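No lab work stands behind these numbers, since they all come straight from the coordinates. Treat the numbers as computed from the prediction; the structure is a model and nothing was measured. When we count neighbours, we look across all protein chains shown, and the Cβ atoms used for this are built from the backbone with ideal geometry, even at glycine.
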Amino acid sequence: MAEAKAEEKAEAAALLRWYDVHARVMPWRVGPAARAAGERPDPYRVWLSEVMLQQTTVAAVRDYFHRFTARWPDVGALAAADEAEVMAEWAGLGYYARARNLLKCARVVAGDLGGTFPDTADGLRALPGIGPYTAAAIASIAFDRAETVVDGNVERVVARLDRVEAPMPGSKPELARRAERLTPPARPGDFAQAMMDLGATICTPRNPVCALCPLEGFCAARAAGVQAELPRKAAKAPKPTRQGIAYVARTEDGGWLLEERPDRGLLGGMLGWPGTDWAEAAPAAAPPVPADWQDAGEVRHTFTHFHLVLTVMAASLPPGAAPERGEIVPGSRFDPRALPTVMRKAHAAARVLVEN
């Protein structure tokens, strides 16, 4: 046991030495040199980045993070923001429940906690939209709590380091336990970010660059020559395909017929085109307003759990049209960039018919 602990300590030390030289530069991160000089991470920026990074790549998040922090530089500013403006800035990042919870969380922190984030994982988990992973990441990175942060990169590193052959997702608990043993009491925030960086840049899903890895000498999968095969994954069930109809209508003076989607469910609270439910067989539903509807073709979009095939119906509305669903938004207030991605696709498909 003592020998195992000594090896885990040596692994953590080797990784932190590598991180001190090779840490990625990110707008929300305080790098190892700055941190050693006494600079502390801003919990607001750590929290915001962690929420944005859920199910999203670093490359996709950078510009969103810059825009958010320029517009709302602290939790108080975000708490005072209009929900529609926050949702519009979020458009394109997907998983829109995150944006709604982001605003709820900001208002709790600003209104109930005096603008100060809790500094423990337990305290953070009590906030809207913060689950175990995000709480551990914020507590570790922002407050240097000795929490174990396990994302996909960390799971891959640990599976290879200890040669865990059991397939994912069943092996997740075991990988989390092994990652916990590796996490050092000193510099846990830097260690968490080092593990993420290693998985993102060297211990990659395909073609890991083992020759540059600071943990190569400790890696059981590398020693056995199976590093590229791990972590193993159980066969995935194919994603189902759902179908639906979107009705895209424009008035002669440039207005657009839009409706707000229900708060719960996919794209909750976002603006979109009136349409049918999404089901395995295309549902039948009356258009939201009588008009000369024309078929503008299909658009396809993939969500986490299913593929969507959306038939787009387009129409130009006469003056005084009174829709049964939604409302006419003047052209001066309409910005397609504020729509979720699938709704932007429908808009692009319909424009040829309704703008000519």
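With +1 on each Lys and Arg Cβ and -1 on each Asp and Glu Cβ, how big is the dipole of segment 241-354 about its Cα centre, in debye rounded to the nearest 20?
Numbers: 11 positive and 13 negative charges, 84 e Å.
For this selection, approximately 400 debye.
Look at the dipole of the chain built from charges on Cβ: of 185, 338, 226, the Cα furthest out on the positive end belongs to 226. Hey, rough spin-label estimate for residue 235 and residue 7, points 7 angstrom out along Cα→Cβ, what's it come to in nanometres? Placing both labels 7 Å along Cα→Cβ, they lie 3.4 nm apart.
Computed from label points 7 Å out along Cα-Cβ, the spacing between residue 260 and residue 286 is 2.5 nm.
So what is the orientation-averaged projected area of segment 117-190, using the convex hull of its C-alpha atoms, in nm²? Could you put the intermediate results ahead of the total?
Working: hull surface 20.1 nm².
Averaging across all directions leaves 5.0 nm² for the Cα convex hull.
Spread over its residues, the convex hull of the C-alpha atoms of segment 241-354 is 96 Å³ per residue. Under 10 Å, Cα contacts only: if you run a Gaussian network model on the chain, which one of 110, 36, 346 comes out with the highest mean-square fluctuation? So, out of 110, 36, 346, the one fluctuating most is 36. Expressed per residue, the C-alpha convex hull volume of segment 2-229 stands at 126 Å³. Between residue 40 and residue 56, the modelled label-to-label distance comes to 2.7 nm, taking each label 7 Å out from Cα in the direction of the beta carbon. Under a model in which nothing but the beta-carbon of Lys, Arg (+1) and Asp, Glu (-1) is charged, the chain shows a dipole of about 860 debye around its Cα centre. Taking the centroid of alpha carbons for each part, segment 133-206 and segment 253-295 are 42 Å apart.
Maximal additional length on extending the residue 302-residue 226 stretch stands at 24.1 nm, based on 0.36 nm per residue less the C-alpha distance.
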